[in-house]
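Computed from the coordinates by the stated procedures, all read-outs in this text should not be read as laboratory data. These figures come from a predicted structure and were not determined experimentally. Using ideal geometry, Cβ is built from the backbone for each residue, glycine included, and neighbour counts are taken over all protein chains shown.
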């Protein structure tokens, strides 16, 4: 049973807007969407060049806690590790597997 199931929370649009926090207690960003296969969170981090948010993918296997009361998801990685994760694309059938390998 994964963390989402323990909290009776599906990784779907219900977690959009949740804040994601890493093991370094640094806010990684806000959940913008969930992958088509409901395995990855797509999180917008601080603004990059030209004021645009950078989107990072986080595989569900690294979620350690979901607190619906304060709308926070904690992951077992630092902000820096998340920022270096491979990109996710709904059009690439290997995206989730690539992220699982990176976060393993």
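Observations on the structure shown:
- Kirkwood Rh and Cα Rg combined as Rg over Rh, evaluated for segment 3-103: 0.93
- Peptides 77-83, 90-96, 37-43, ordered by how many other C-beta atoms sit within 10 Å of their residues on average, highest first, read 37-43, 77-83, 90-96.
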